[in-house]
1. Over the chain, how many percent of alpha carbon pairs lie in each 5 Å bin up to the one with the longest distance?
2. With a cut-off of 18 Å, note down the residues of the stretch 92-123 whose backbone N falls inside the zone around a label point 7 Å from the Cα of R7 toward its beta carbon.
3. What per residue convex hull volume, in Å³, comes out for the stretch 1-69 when only alpha-carbon positions are used?
4. How would you rank 98-104, 15-21, 80-86, highest first, on the average number of other Cβ atoms within 10 Å across their residues?
Amino acid sequence: MTAAAARCPLAIASGARRTEIEHILQQVGLRQHFSALASADDVPNGKPHPGVYLEAARRLGVAPARCVAIDDAPHGIRAARAAGMRCVAVTTSRPAGELVEADRTVASLQDVDPGALLRDLLG
């Protein structure tokens with residue numbers, strides 16, 4: 001997480017409530033790594049509607065086409081793609097076969113070099 005946050009601004013785009021997200025991030029000591037947070041409280045429609053991803057990009061001040069979303073579910077991947085973002089799927093809750101709409105699928109983010117990922121997906 002620290003390596004990714006050092007390379008580019010990070011945001012959370014979640015269908016959960018803001019208070020839940022903030023609580024979890026504080027509990028695991030990761031809140032400081034995220035420049036922006038968009039939640040179910042910020043958009044009228046949940047995933048697969050792209051609203052939460054678009055709001056996260058807006059809060060970062062980054063064009064959606066310059067964002068890489070990370071998600072673990074088909075609805076999230078569809079939302080990211082509908083927002084105009086590239087998407088990496090993580091097989092933490094679904095098998096890779098259910099995440100085929102992503103640009104890339106990985107088993108763990110620990111195995112991903114953030115710089116290489118950004119170069120590969122955004123050029």
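What follows is calculated from the coordinates using simple rules that are stated; it is not laboratory data. All figures in this text were calculated on a predicted structure; none of them were measured in a lab. Every residue, glycine as well, gets a Cβ built from its backbone with ideal geometry; the counts of neighbours run over all protein chains shown.
1. So the P(r) values, bin by bin, are 2, 12, 21, 25, 25, 13, 2, 0.
2. Correct set: 103-123.
3. Here the figure is 80 Å³ per residue.
4. Sorting 98-104, 15-21, 80-86 by mean packing, highest first, produces 80-86, 98-104, 15-21.
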